[in-house]
1. Of all residues in segment 12-21 being in contact with an Asp or Glu (Cβ under 9 Å, 6 or more places away or on another chain) and either within 16 Å of the ligand (Cβ to nearest atom) or among the acidic types (Asp, Glu) (or both), which is nearest to Lys58 (Cα to Cα)?
2. Answer with yes or no whether Val344 is surrounded by 16 or more Cβ atoms within 10 Å (Cβ to Cβ) and touching a Pro at 6+ places or on another chain (Cβ under 9 Å).
3. Of the residues in segment 116-145, how many are of a type outside the set (A, V, I, L, M), within 11 Å of the ligand (Cβ to nearest atom) and in contact (Cβ under 8 Å) with a residue 60 or more places away in the chain?
4. The conditions are (1) touching a helix residue (DSSP H, G or I) at 6+ places or on another chain (Cβ under 7 Å); (2) within 16 Å of Thr135 (Cα to Cα), and Thr115 fails exactly one of them. Which is it?
5. Could we say that Leu290 is in contact with an Asp or Glu (Cβ under 9 Å, 6 or more places away or on another chain) and either in a loop (DSSP other than H, G, I, E, B) or in the same structural domain as Leu65 (by TED's automatic domain parsing) (or both) here?
6. Would you be able to tell me the number of residues in segment 278-323 that are aliphatic (A, V, I, L, M), more than 20 Å from Gly112 (Cα to Cα) and buried (at least 19 other Cβ atoms within 10 Å of the Cβ)?
7. So which of Val344, Val329 is more than 16 Å from the ligand (Cβ to nearest atom), assigned to a strand (DSSP E or B) and not small (Gly, Ala, Ser)?
8. Give me a count of the residues in segment 213-231 that are within 23 Å of Ile296 (Cβ to Cβ) and surrounded by fewer than 22 Cβ atoms within 10 Å (Cβ to Cβ).
Amino acid sequence: MKTIKRIGILTAGGDCPGLNAAIRGVGKAALGLHGIEIVGIRDGFLGLIENRTLSLAKSTLAGILTVGGTILGTSRVKPHRMEIKGRTRDVRDAIVRNCAKLRLDALVCIGGGGTHKNALRLVEKGLQIITLPKTIDNDVEMTDTTFGFDTALGIATEAIDRLHSTAHSHHRIIMAEVMGHRAGWLTLGAGIAGGADVILIPEIPYDVEKIALAIRRRSQHGTNFSIVAVAEGAMSRDDAVRFQTVRARKAAAKNQETVLKAKAELADLDRQHAGNTLRLASQLETLTGLECRVSILGYVQRGGAPSAGDRLLATRLGTACAELIHEGVFGVMVAARGDSAQPVPIKDVAGKRKNVPMDHPWVRSARAVGTCLGD
Ligand code: F6P
């Protein structure tokens, strides 16, 4: 086995709190314990094709533990389909050559679902890669949790807490739209912790009549305000059927043309779905006779300093990552499993999403305290 002397590190996909804590964890342990030099790659996979790097000396790694975002920058580019001068190109071979030019023995990729797919595509080209799971959505497979989630959960919960007094004072329905297009962990967690009366997540398609009934029942019992925590990706039963039909067609497709057609249809459905929370608010006004307001929490959930929990998780996984690099373990994601950090094959993570199971304890608890989940 070749001794690892120099590694690259990048952050890709949407940013989240804890990325810098992870960079620091990997960097300090790699340098301090194993004498491995560490090179920061700017703006995700884009920096690897444009050769934009940042030397991560000990002094650069100091003072970043508590800082939000990523000192390296990030992007959502895909190495197998990169837009260059108006043309889509597969730049994976160029990336492999650039890694050699930069004398990188291995690469650390910190990211969520998309990053794991991209990392696997580069592993298949022969690069030695190890990944770390981050995202406020908490939807990465094979890991108990991802860093970024705990901070966002705290922010969204506090926002819901604050909506109670104003909803109560004005006898209104207030909807808090929480991030999460495909997974409902953040909405469900913040909804339960913030005591929302209705929680709507992508995994449980809703019936608007049932939501209205739950709100009207509260009014009949003298509580004429309600808080609705709604994920960006929550959808009605009818919309869910539309998405499922196209997804099934895509899964069964026998040729690339049908796959591309289904992908375009899904993108179109996504566009039509934008603004769904506002439409639902207006439906609820009509059905309940109560005024309804919407607060879109948006990027506030992703910004700012990481929570203590995320700093701890990112440091735990980051330092374990340095240990695995030293041992020459690649092609894996460093997963959080109970108190330990364990390597799991990237191929078992890539292309999958961890959704909220219908029988998850959080779902059962929400129902047990009388929360309406829209079904
Ligand atoms: O990081 C994940 C996520 O926050 C999703 O919840 C959200 O839908 C998405 O990123 C939006 O990110 P962007 O606008 O940066 O693509």
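The values are calculated or read from the model by the stated rules, or taken from the named source; none is laboratory data. Predicted model only: the values in this text are computed from it and were never measured. For neighbour counting, all protein chains shown are included, and Cβ atoms are generated from backbone atoms with ideal geometry for every residue, glycine included.
1. Per the stated criteria, the residue is Gly18.
2. For Val344, the condition - surrounded by 16 or more Cβ atoms within 10 Å (Cβ to Cβ) and touching a Pro at 6+ places or on another chain (Cβ under 9 Å) - is not met.
3. Adding up the residues that qualify gives 4.
4. Unmet condition: (1).
5. For Leu290, the condition - in contact with an Asp or Glu (Cβ under 9 Å, 6 or more places away or on another chain) and either in a loop (DSSP other than H, G, I, E, B) or in the same structural domain as Leu65 (by TED's automatic domain parsing) (or both) - is not met.
6. 5
7. After applying the criteria, what remains is Val344.
8. Of the residues in that region, 1 qualify.
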